[in-house]
Amino acid sequence: MNKPYDVLIIGAGPIGLACGIEADKAGLSYVIIEKGCLVNSLYRYPKNMTFFSTAERLEIGDVPFVSTNPKPKRDEALEYYRRVHDKFALRTKLFEKVQSVERDEIFTVQTSEGVYKARHVVVATGFYDIPCLLNVPGEELSKVAHYYDEPHYYAGQRVVVVGASNSAVDAALETFRKGAEVTLVVRGTGIGPRVKYWVRPDIENRIAAGEIDAFFESEVRSIGHKEVVIETPHGMRTLPNDFVIALTGYQPDFAFLEQMGVSLAGERKIPVHNPETMETNVSGLYLAGVVCGGLDTHLWFIENSRIHAARIIKDISDGPTGQRGHPVE
């Protein structure tokens, strides 16, 4: 562990794996550190989730992604990325959490399992681990979930879904179809503009038919064991309630970025980086994937950020003579 790697990659999601593939092709010594399972964020997606992108736009490493559906589903993506990982025999350490990254002449990376040395570090940690909280009384109750898995659990229950994104709309429709009494609480004036085009008519028709209640320009103010208090344009309302699914978005681990010395710009907390090379204000520290967008997590997806891997490895490979070390066994 104490022999320096050329590249240490934090995160074994699709973009972290793409970085590992590019490093391997370039003959760089590398390791990928992941605190959870392989493609951990995709694993935590709802079981029935369908991607917005087509299969070919999710491909990495020039490995074809063959799907039986017009848009691939979560389980197909998990199988695909597992096959890609195995095809390239990527050097990956799973269920190992990075605790700190310090820069001297080279990087020292402390994890839950030990210490690594690396000449360059790539942060490809995504944004799915930290939910944007409602910050209201009662949010800590066990009835409140910030992640949605599958609908059967909510059958026959009174469910408030907070948000109007793809995840919120999917949760509202699926739980409704399993027999839940569903109410949407949305801060904006309508369903989010980026909701999948084939889903939008469904949710709008369910609301128009009165099958799903919806309160727009409204916010949750408190959560009790059997009720939720919301503020609407027409005053406060108390809704009988059994469960709250708060799908109000997620954010990168800004504290981790700042601990590494990465500067965050403006109210949207965009990490400072060179878009041509993906290098941050910390020399030798790079960003890849969704983490580059700060709070604007909708800017980057697999399909438009997989190019980050090639940019990063090219910049490292084109660096000063002698910058690369010897392969690590």
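What follows draws every value from the coordinates through simple rules; no lab data is involved. Treat the numbers as computed from the prediction; the structure is a model and nothing was measured. Here the Cβ positions follow ideal geometry from the backbone for every residue, glycine too, while neighbour counts run over all protein chains shown.
In this rough spin-label picture, where each label sits 7 Å from Cα along the Cβ direction, the Leu264-Ala310 distance is 3.2 nm. If you average the sequence gap of Cα pairs under 8 Å that are 6 or more apart and divide by the length of region 1-81, what percent do you get for the contact order? About 27 percent, as a whole number.
The HN-Hα couplings worked out from phi for region 66-80 by the Karplus form 6.51 cos²θ - 1.76 cosθ + 1.60 (θ = phi - 60°) are 9, 10, 8, 10, x, 10, x, 9, 3, 5, 5, 5, 4, 5, 4 Hz, whole numbers, x standing for Gly and Pro.
When every Cα-Cα distance of the chain is counted in 10 angstrom steps from zero, the calculated P(r) takes the values 6, 24, 29, 22, 13, 5, 1 percent.
Using the structure shown, list the pairs from Lys196/Lys269; Lys3/Lys35; Lys196/Lys314; Lys25/Lys97; Lys3/Lys97 with a Cα-Cα distance above 28 Å, or answer none. Over 28 Å apart, Cα to Cα: Lys196/Lys314.
Once C-alpha pairs closer than 8 Å and six or more residues apart are averaged by separation and normalised to the residue number of the chain, the relative contact order reads 21 percent.
The Asp318 and Thr238 beta-carbon pair, evaluated with R₀ = 51 Å, returns a calculated FRET efficiency of approximately 0.25. When you filter the GluC sites (Glu not before Pro) in region 150-215 for DSSP loop state and at most 13 other Cβ atoms inside 10 Å of their Cβ, you are left with Glu211. Taking θ as phi - 60° and the Karplus parameters 6.51, -1.76 and 1.60, the scalar couplings of region 183-192 work out to 10, 8, 10, 10, 6, x, 8, x, 5, x Hz in sequence order, x denoting glycine and proline. The slack in the chain from Phe95 to Arg44, taken as 0.36 nm per residue of separation less the alpha-carbon distance, amounts to 16.9 nm. Here region 1-158 is treated with +1 on each Lys and Arg Cβ and -1 on each Asp and Glu Cβ, and its dipole about the Cα centre works out to around 200 debye. Counting only residues at least eight positions apart within a chain, or on another chain, the aspartates and glutamates with an alpha carbon under 14 Å from that of Lys87 are Glu22, Asp24, Glu59, Asp62, Glu79. Label positions at Glu79 and Ala155, each projected 7 Å from the Cα along the C-beta direction, are separated by 2.6 nm.
Taking the centroid of alpha carbons for each part, region 3-59 and region 104-133 are 14 Å apart. Only Cα pairs under 8 Å and 6+ residues apart enter the sum, and on that basis the relative contact order of region 175-281 stands at 16 percent. Taking label positions 7 Å along the Cα-Cβ direction at both Phe88 and Ser53, the computed distance is 1.4 nm, reported to one decimal. Along its first, second and third principal axes, ordered by size, region 133-246 spans 36, 32, 24 Å in Cα coordinates.
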